[in-house]
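Trainee: First the structure, then my questions, so here it is.
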Amino acid sequence: MLIAADNLNALNPVVAEALERLDKRPLQELVRRLDQTGIDLLDLNPGYLSLRNEDRMTFLVETVQEVSRTRLMLDSPHARILQRGLAACERPPVLNALTLEEEKLRKILPLAAAARTDLVLLLLDERSMTPPTLEEKILLALRLREAALSPGLEPTRLIFDPVLPNLSWPDAFDQTAAVVKTVRLLASGAILGEPGRTMAGLSNLRSGLRQMYPLEVEITCLSLLAGAGLHIALLDALQPDLWRRVHLVQQLQPGE
């Protein structure tokens, strides 16, 4: 199981202020701390960017690359921002993410196909909604996979993200169980005929709710997903308790 750090996110006040001021120093200090943890990927999410500020993704990529060789994951719902980041990357990144929304199929998919990058398939439908049940999630995964393969992307470049819910959702625990089952079926090859790569964003669970729910929720979910065969855990890499569970899981995984 690989670890992707989600700390370089515009929801982080340090990142938001640095992007606003185009200040490299706090970003690079944060990247150095993250690299010391042993992460495998850095997720770069500059948040909403107006047309005037689209260069922030370029700034973020270039700033990180000055101090780190860790592989980047470019995280934006807008193809034009992903394209800016992609153009600044010294090494092939992961693009995050494609959904069934018509605009993303028209713009993000050709971008990934032309650059031959790894691509996250976020299980959101045409309305940007995630289906609640296992059956619906698998059907959506197959539809997204078919769309992604049509322009020539190799199956091995696809990463499925079944979308962990926020715990404020009324059916959050049922949806979490469906995500674990989806990961198990995709990772095992039972659905695709070959093992598929999967990713889950652990921070989604407690976003805005950290005073209400303990970190143990993320730790427990991480263990369940690892047991299901999760390939990439996207999480707050500066949480020591999460890392302790990561290290234990990695020691127990065969072949890791």
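Trainee: Taking the Cα-to-Cβ direction at Ser207 and at Glu154 and moving 7 Å from each Cα, how far apart do the two end points lie in nm?
Mentor: 3.2
Trainee: Quick check on packing: order 229-237, 36-44 by the mean number of other C-beta atoms within 10 Å, highest mean leading.
Mentor: Working: 229-237: 22.7, 36-44: 19.4.
Ranked by mean Cβ neighbours within 10 Å, highest first: 229-237, 36-44.
Trainee: Now a separate question. Which one of Met199, Leu224, Ala112 has its Cα pushed farthest toward the positive end of the charge dipole of the chain, where Lys and Arg give +1 and Asp and Glu give -1 at the Cβ?
Mentor: Result: Ala112.
Trainee: State, as an integer percentage, the relative contact order of the chain based on alpha-carbon contacts under 8 Å between residues 6 or more apart. Write down the numbers at each step before the final one.
Mentor: Values: 431 pairs, mean separation 45.3, N = 256.
Relative CO of the chain lands at 18 percent.
Trainee: Work out how far the C-alpha atoms of segment 1-47 reach from end to end along every principal axis, then list the three figures in whole Å, largest first.
Mentor: 35, 19, 12
Trainee: Roughly how many Å² of Leu22 are accessible to a 1.4 Å probe, to the nearest 10?
Mentor: The accessible area comes out at roughly 80 Å².
Trainee: To make sure I understand the rule: partners must be lysines, Cα under 25 Å from the Cα of Lys181, and not fewer than 8 residues away in the same chain. Which ones qualify?
Mentor: Once the sequence-local lysines are set aside, what remains near Lys181 is Lys137.
Trainee: OK, next. List, in order, the whole-Hz ³J(HN,Hα) value for each residue of segment 64-80 obtained from phi through the Karplus relation with A = 6.51, B = -1.76, C = 1.60 and θ = phi - 60°; use x for Gly and Pro.
Mentor: 5, 5, 5, 10, 9, 10, 5, 5, 9, 10, 8, 10, 6, x, 10, 4, 5
Trainee: For the chain, with only Lys/Arg (+1) and Asp/Glu (-1) charged at the beta-carbon, what is the dipole magnitude about the Cα centre, in debye rounded to 20?
Mentor: For the chain, the charge dipole is close to 340 debye.
Trainee: Taking all protein chains as present, what is the carbon and sulfur share of the accessible area of segment 1-153, in % to the nearest whole number, probe 1.4 Å? Could you put the intermediate results ahead of the total?
Mentor: Details: 3610 of 7110 Å².
Taking all protein chains in place, segment 1-153 shows 51 percent carbon and sulfur surface.
Trainee: Describe numerically, in nm with one decimal, the distance between label points set 7 Å from Cα along Cα→Cβ at Phe173 and at Glu66.
Mentor: 4.9
Trainee: Then there's this: Pairs of alpha-carbon atoms within less than 8 angstrom and 6+ residues apart define the contacts here; what relative contact order does segment 112-188 have, in percent? All intermediate terms of the calculation are to be shown ahead of the outcome.
Mentor: Numbers: 76 pairs, mean separation 27.7, N = 77.
In percent, rounded to a whole number, it is 36.
Trainee: Right, something else. Whole Å is fine, so just give me how far the alpha carbon centre of segment 50-103 lies from that of segment 156-217.
Mentor: 23
Trainee: Compute the accessible area per residue over the chain, keeping the other protein chains in place, probe 1.4 Å, unit Å².
Mentor: 46
Trainee: Quick one: 3J(HN,Hα) in Hz for segment 138-154, Karplus 6.51/-1.76/1.60 with θ = phi - 60°, rounded, Gly and Pro as x.
Mentor: Coupling constants for segment 138-154: 5, 4, 5, 4, 5, 5, 5, 4, 4, 5, 5, 7, 4, x, x, 5, 6 Hz.
Trainee: Restricting attention to the alpha-carbon atoms of the chain, what are Rg (one decimal) and Dmax (integer), both in Å?
Mentor: 17.4, 49
The values are calculated or read from the model by the stated rules, or taken from the named source; none is laboratory data. Remember, predicted model here, so these are calculated numbers, not experimental data. Cβ: placed from backbone, ideal geometry, glycine included. Neighbour counts: every protein chain shown. The protein model used for the area step is the full one, side chains on, heavy atoms only, and it has no ligands, DNA or RNA in it. Shrake-Rupley method; radii C 1.70, N 1.55, O 1.52, S 1.80 Å.
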